[in-house]
1. Taking the range 66-86, which residues are in a loop (DSSP other than H, G, I, E, B) and over 14 Å from the mean Cα position of the chain (by Cα)?
2. Checking the structure you have, find out if any residue of the range 198-211 is surrounded by 10 or more Cβ atoms within 10 Å (Cβ to Cβ) and modelled with pLDDT of 75 or more.
3. Residue check, residue 32 against (1) part of a strand (DSSP E or B); (2) within 16 Å of the chain's Cα centre (by Cα); (3) at pLDDT 95 or above, all met but one. Which one?
4. Could you check the range 85-117 and list, in sequence order, the residues that are closer than 21 Å to residue 54 by Cβ and surrounded by fewer than 20 Cβ atoms within 10 Å (Cβ to Cβ)?
5. Answer with yes or no whether residue 81 is in the same structural domain as residue 114 (by TED's automatic domain parsing) and modelled with pLDDT under 95.
6. Among the numbered conditions (1) within 30 Å of residue 139 (Cα to Cα); (2) modelled with pLDDT under 95, tell me where residue 55 comes up short.
7. In the range 76-112, what count of residues is obtained for those that are within 17 Å of residue 60 (Cα to Cα), out of contact with any helix residue (DSSP H, G or I) (no Cβ under 8 Å at 6 or more places or on another chain) and without any contact (Cβ under 8 Å) to a residue 60 or more places away in the chain?
């Protein structure tokens, strides 16, 4: 692996905002992407088009990066498109495989976000981007092999997510089949107040004295709640 500067292996096109009267939703002109709001899982979703001549163009296989609130998320451009101020189009040169570049940027999203600046919201400039380095295998074939392995892993993760979604839908439908719609109560179940059948208590705001020094105490918050279980997070000498 060699540590290189992005600018030595890529061309970066900063998007700009075309005149608002050049936007449309009827498919006239080129697809127009403004920022991360247009991103999908891997490829952007076309919601609007643009006819302006004052435009910045992204080409197929360019990596689109969100550069304004938030900084870092990436998608792959599938067709010739116009990009707005919220995006960079990063075009790999012949010695850098575009899919390797995509997965590298995706894996280092948090680090890239740290290069952003701004008090109201984070943004990254082309000057900031020039300071970032990338680890690149010297052999182009190695880049392809690494990218293909990551692509297969991504596919497995996608199928796993879909399985979980279907399982969730199955759980909901099974509940409705067994107990009926809880709103309509079409099975005529007896109704009770939650307070009649259970006890509950409201959590407290975390007190700093219980997470430092000699007052260390276990603390459970929203992030500990899991499906059908509690995920215990260690704090001090807690769980």
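The values are calculated or read from the model by the stated rules, or taken from the named source; none is laboratory data. What you see is a predicted model; the values in this text were computed from it and never measured. Note that each Cβ is placed from the backbone with ideal geometry, even for glycine, and that neighbours are counted across all protein chains shown.
1. Passing the criteria: 77, 78, 79, 80, 84, 85, 86.
2. Among the residues of the range 198-211, not one is surrounded by 10 or more Cβ atoms within 10 Å (Cβ to Cβ) and modelled with pLDDT of 75 or more, which makes the answer no.
3. All conditions are met except number (2).
4. Once the filter is applied, which keeps residues that are closer than 21 Å to residue 54 by Cβ and surrounded by fewer than 20 Cβ atoms within 10 Å (Cβ to Cβ), the range 85-117 yields 85, 91.
5. Here the answer is no, as residue 81 does not meet what is asked.
6. Going through the list (1) within 30 Å of residue 139 (Cα to Cα); (2) modelled with pLDDT under 95, residue 55 breaks only (1).
7. Final tally of qualifying residues: 7.
The rows are residues; the columns are (1) surrounded by fewer than 17 Cβ atoms within 10 Å (Cβ to Cβ); (2) modelled with pLDDT of 95 or more; (3) on the phi > 0 side of the Ramachandran plot.
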position	(1), (2), (3)
10	no, no, no
23	no, no, no
45	yes, yes, no
62	no, yes, no
